[in-house]
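Student: Sharing a structure below in structure tokens format, with a few things to ask.
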């Protein structure tokens, strides 16, 4: 019988994962998020290699979205794929839009101090929570061989 994961364990694991973002400014959070997303992408490719046989070299140019599609096609846990879809969407927005929005806002504001909690900052914070929750679930599922 496999161990069941509790809501409290997920919350604690997610909170532990978000500690590395504390005291970071917007650009620091952005950089940390992108790095962690890259680690997740590599971990998923490694999982694909171990379960389904592709080499890391064959998957080198796969994006996070492509990796998700390939894992879904192979029948990886649908609940995990569902959570991963949201992370892929956030990652794509953050990688392609959020930094440009930040630069544009800074050029318009031009050295004006503001404590405004922007929509992009809120989006990044939500994306961080989802990414760290998925990382926790990925690690737990790997450790418990629950794929």
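The values are calculated or read from the model by the stated rules, or taken from the named source; none is laboratory data. Everything numeric in this text was worked out from a predicted model, so none of it was measured. Here the Cβ positions follow ideal geometry from the backbone for every residue, glycine too, while neighbour counts run over all protein chains shown.
Student: Can you name the number of the only condition in (1) out of contact with any helix residue (DSSP H, G or I) (no Cβ under 6 Å at 6 or more places or on another chain); (2) part of a helix (DSSP H, G or I) that residue 37 fails?
Tutor: It is condition (1) that residue 37 fails.
Student: Oh, and also: Please work out which residue is farthest from residue 125 (Cα to Cα), limiting yourself to the range 40-51 and to residues that are touching a helix residue (DSSP H, G or I) at 6+ places or on another chain (Cβ under 8 Å) and free of Cβ contacts under 8 Å to residues at least 60 places away in the same chain.
Tutor: Of everything passing the filter in the range 40-51, 49 is farthest from residue 125 (Cα to Cα).
Student: Also, I was wondering about something else. Kindly check whether there is at least one residue in the range 84-100 that is out of contact with any helix residue (DSSP H, G or I) (no Cβ under 9 Å at 6 or more places or on another chain) and either over 27 Å from residue 147 (Cβ atoms) or at pLDDT below 95 (or both).
Tutor: Scanning the range 84-100, I find at least one residue that is out of contact with any helix residue (DSSP H, G or I) (no Cβ under 9 Å at 6 or more places or on another chain) and either over 27 Å from residue 147 (Cβ atoms) or at pLDDT below 95 (or both), so the answer is yes.
Student: Right, another one. Quick one: residue 19 ticks every box in (1) surrounded by 15 or more Cβ atoms within 10 Å (Cβ to Cβ); (2) under 16 Å from the mean Cα position of the chain (by Cα); (3) modelled with pLDDT of 95 or more bar one, so which box is it?
Tutor: With (1) surrounded by 15 or more Cβ atoms within 10 Å (Cβ to Cβ); (2) under 16 Å from the mean Cα position of the chain (by Cα); (3) modelled with pLDDT of 95 or more applied to residue 19, the lone miss is (1).
Student: To continue, here is another question. From 83, 102, grab the single residue that is in a helix (DSSP H, G or I) and under 20 Å from residue 135 (Cα atoms).
Tutor: Exactly one of 83, 102 is in a helix (DSSP H, G or I) and under 20 Å from residue 135 (Cα atoms), namely 83.
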